[in-house]
Amino acid sequence: MGLSGDPGPAPVWVVVLVKGFDSAKQRLSPVLDPPARRSLAVENAERALRAARAGDHVLAVCGSPEAAELAERLGAEVLLEERPAGQNPAARRGLEHAEAGGAAAVVLLSSDLPLVSDGVVAEMISAGRRLGRPAVLAAAATGRGGTNALYLSPPGAVGLHFGDASLEKFAEDAAERSVRFALFESSGLALDLDEPSDLEALRARR
């Protein structure tokens, strides 16, 4: 606490959703063999976990013991899913844990983002804070209507709708609840690696 008695900004947790590495990137099988897909999943997970350090606390919801070991090695708190059931259940578990731990806001972050950085996550947190409360700030996936990162203040500001057309669903949910909704545009969060064309887009950027 400073001399003015101001405790500073309310804590923002970054929750990274990390799938098991052996089952990741199946849609890249036409262009990458299993060892290459696994290596890519590990590399992207490590990048996301390092970027998440821009928040006040890093929580990783992990779909395998190996993913959990990586997250622990990088200093994250870990929740290991015994029976992974998809992105929304994983995100819900992370939100509930973060809120119980005192988080005033949460960034849900995909581990499939090859261009993410701590600077990008810090910018999203700053933009989210400027929206006030309650608020939702979403980073769209390029060209798919999906959502690669989601800032929620408070953590339960809206329901969870990851999957097809999730961006539109988050916006609609926010409107129904009279929660402020905004888009966060960043090249570091827009590209995720789901399809062979995404690899081509990544190579073009590099």
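What follows is calculated from the coordinates using simple rules that are stated; it is not laboratory data. What you are looking at is a predicted structure, and each value in this text was computed from that prediction instead of being measured. Backbone-built Cβ (ideal geometry, glycine too); neighbour counts: all protein chains shown.
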Name the residues whose placed amide hydrogens come within less than 5 Å of the amide hydrogen of Ala60, ignoring near sequence neighbours (fewer than 5 apart) on the same chain.
Val16, Glu77, Val78, Leu79
Pop the C-beta distance of Ala122 and Glu43 into the FRET formula with R0 = 35 Å and round what comes out to the nearest 0.05.
0.95
Sort the following peptides by mean Cβ neighbour count (other Cβ atoms within 10 Å, averaged over residues), highest first: 77-83, 91-97.
91-97, 77-83
Which of rounded, prolate, oblate describes the stretch 48-175, given a ≥ b ≥ c as roots of the alpha-carbon gyration tensor eigenvalues and a/c under 1.5 marking rounded, otherwise prolate only if a/b is larger than b/c?
rounded
Given a Förster radius of 30 Å and the C-beta distance between Arg144 and Glu72 as r, what FRET efficiency does 1/(1 + (r/R0)^6) yield to the nearest 0.05?
0.40
